[in-house]
Amino acid sequence: MKYFAGIDIGSTAIKVALVDESKQLVGHKISASGSMFYKYAKQSLKEMLEELSIDEKDLVYTVSTGYGRKLFKEADENISEITANAIGAVAAAGQNCEIKTIINIGGQDSKAISLDSEGNVVNFAMNDRCAAGTGKFLDVVAMNLELEVDELGECHFKSEGTPLAINSTCAVFAESEIIGLLGNNHSVEDIVAGVHYSIAKRVIKLVKRVGIKEGIYFDGGPALNGGLVYAIENELGKEIFIPEFPQITTSYGAAILAHESYEYEITNKDEDN
Ligand code: ADP
């Protein structure tokens, strides 16, 4: 059996996905990017193959993507995360949903991608200037509230009051605002719900730049946060599709592309001979 890998080197996490000859996802791994992207990406790929008992020689094509994609010199090819995200989202949703709009919230940026009915990218908008609508903001909020980032979702649903308004548009000021709210005896749960609604409002503004078309897919690490998902759905007034593994959509897309590129190379080589 031959295997194809996609490596998404994000600002916060490295995601590795592996597909087989029938483009089925056979494994994935998520690890922190740290400061040495290249070293950790290589290590992560090696560890995933070992965990799946797959021989390195059976990995025949690798595509890198994401912020640090060009640093991974062993890749056979690299592609933009917008393209990889679109391919991964369409494949992950499969027959369940025809994806027309992707919302991606990453560690340090957020994106909205618009697709046509064939799954091609027709437009995208990105916010990489401000941490307020990103995973980094959620990490800082969790730290200030003495929570882990994966506890924010559950915490949101314990909020009994109206979600608090977080008015600061800058992450640094929002952090001070949150500390102020804590000082005024507001509950951690109401603050968390308020933070989710403030991110939801920001991200919807971004989506409006490309147009909101139904068949909405939400991915990136923060899509694991059920409270944030709920806030975005509520603000949009529309249901959104969350895949089983939202954080690995882009690496999955890169792995599918690795499969396609390999097939293309083989076919063209045969035709040349
Ligand atoms: P990037 O591709 O930019 O590195 P990711 O899509 O990997 O970003 O998202 C990283 C962010 O996801 C983190 O900053 C964190 O806020 C969030 N995150 C990661 N794991 C979880 C989890 N289990 N629950 C909620 N949020 C999470």
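The values are calculated or read from the model by the stated rules, or taken from the named source; none is laboratory data. Computed from a predicted structure; not experimentally measured. Because the Cβ atoms are built from the backbone with ideal geometry, glycine has one as well, and the counts that use them run over all protein chains shown. Ligands, DNA and RNA are stripped out before the accessible areas are found, and what is left, the full protein with its side chains, is counted by its heavy atoms. Shrake-Rupley method; radii C 1.70, N 1.55, O 1.52, S 1.80 Å.
Scanning for something within 18 Å of the chain's Cα centre (by Cα), open to solvent by less than 10 Å² (accessible area, probe 1.4 Å) and away from the ligand (no atom under 13 Å from the Cβ), does segment 68-86 turn up at least one residue? If you could, list the steps in order and put the result at the bottom.
Narrowing segment 68-86 to residues within 18 Å of the chain's Cα centre (by Cα): 68-69, 78-86.
If we keep only those that are open to solvent by less than 10 Å² (accessible area, probe 1.4 Å) as well, we get 68, 84-86.
Now restrict to residues that are away from the ligand (no atom under 13 Å from the Cβ): 86.
Yes, the conditions are met somewhere in segment 68-86.
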Qualifying residues in segment 97-120 (those that are farther than 14 Å from Thr249 by Cβ and out of contact with any helix residue (DSSP H, G or I) (no Cβ under 8 Å at 6 or more places or on another chain)) - the one most open to solvent (accessible area, probe 1.4 Å): Glu118
Checking Tyr217 against (1) assigned by TED's automatic domain parsing to the domain that holds Gly106; (2) open to solvent by 20 Å² or more (accessible area, probe 1.4 Å); (3) within 16 Å of the ligand (Cβ to nearest atom), which test does it fail? (2)
Cross-chain or 6+ apart pairs with Cβ under 9 Å, segment 184-206 first and not assigned by TED's automatic domain parsing to the domain that holds Gly161 and in a helix (DSSP H, G or I), then modelled with pLDDT of 95 or more and open to solvent by 40 Å² or more (accessible area, probe 1.4 Å): none
When segment 62-79 is checked residue by residue, the ones that are of a type in the set (A, V, I, L, M, F, W, C) and outside any loop (DSSP other than H, G, I, E, B) are Val63, Leu71
Filter pass, Lys208 being exposed (fewer than 15 other Cβ atoms within 10 Å of the Cβ) and basic (Lys, Arg): yes
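For segment 14-30, enumerate the residues that are within 16 Å of the ligand (Cβ to nearest atom) and buried (at least 24 other Cβ atoms within 10 Å of the Cβ).
Let us first name the residues in segment 14-30 that are within 16 Å of the ligand (Cβ to nearest atom), namely 14-17, 28-30.
Once the filter is applied, which keeps residues that are within 16 Å of the ligand (Cβ to nearest atom) and buried (at least 24 other Cβ atoms within 10 Å of the Cβ), segment 14-30 yields Ile14, Lys15, Val16, Ala17.
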Filter segment 141-174 for residues that are outside any loop (DSSP other than H, G, I, E, B), open to solvent by 30 Å² or more (accessible area, probe 1.4 Å) and more than 9 Å from the ligand (Cβ to nearest atom); the one that is nearest to Asn185 (Cα to Cα) is Asn144
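Let's see how each residue does on (1) more than 19 Å from Asn127 (Cα to Cα); (2) assigned by TED's automatic domain parsing to the domain that holds Ala132; (3) modelled with pLDDT under 95; (4) touching a Phe, Trp or Tyr at 6+ places or on another chain (Cβ under 6 Å):
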| site | (1), (2), (3), (4) |
| --- | --- |
| Ala13 | no, no, no, no |
| Gly27 | yes, no, no, no |
| Ile30 | yes, no, no, no |
| Tyr61 | yes, no, no, yes |
| Ala75 | yes, no, no, no |
Please give the number of the condition Ser251 fails out of (1) open to solvent by 10 Å² or more (accessible area, probe 1.4 Å); (2) touching a residue at least 12 places away in the same chain (Cβ under 8 Å). (1)
